[in-house]
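**Q** This is the structure I have questions about; it appears just below.
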Amino acid sequence: MTEQSETVGDSSHPPLSRLDVDILRLVAQGLSFCEIGQLACVSQSLVSRQVLRLMTLLGARDRADLVAKAEENGLI
């Protein structure tokens, strides 16, 4: 789950790493940053930074909006 070099998405969206997509899927499951970090074998602080970055990229207000926007854009 920690492969970061592979990118996902099409030209209408910023390229997302496999880790980004994994994190989005785990956020969609309602897991905490700590739980996501444990499952993705990364630190909780990295998860937090990645989620904030993804929220900025997708223009999301909060985690629920992030999941909705990711689903709308076919990212998860």
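Just so it is clear, none of the values below were taken in a lab; they were calculated from the coordinates. None of these values were measured; they are calculated from a predicted model. Cβ sites come from the backbone with ideal geometry, for glycine too, and all protein chains shown count toward neighbours.
**Q** What translational D, rounded to a whole number of µm²/s, comes out for segment 34-76 from Stokes-Einstein when the hydrodynamic radius is the Kirkwood one over Cα pairs, at 25 °C and 0.890 mPa s?
**A** On the way: Rh = 10.7 Å.
Translational diffusion coefficient: 229 µm²/s.
**Q** Suppose R0 equals 22 Å; then what is the FRET efficiency for Ala68 and Ser48 from their Cβ-Cβ distance, rounded to the nearest 0.05?
**A** Numbers: r = 20 Å, r/R0 = 0.90.
Efficiency, rounded to the nearest 0.05: 0.65.
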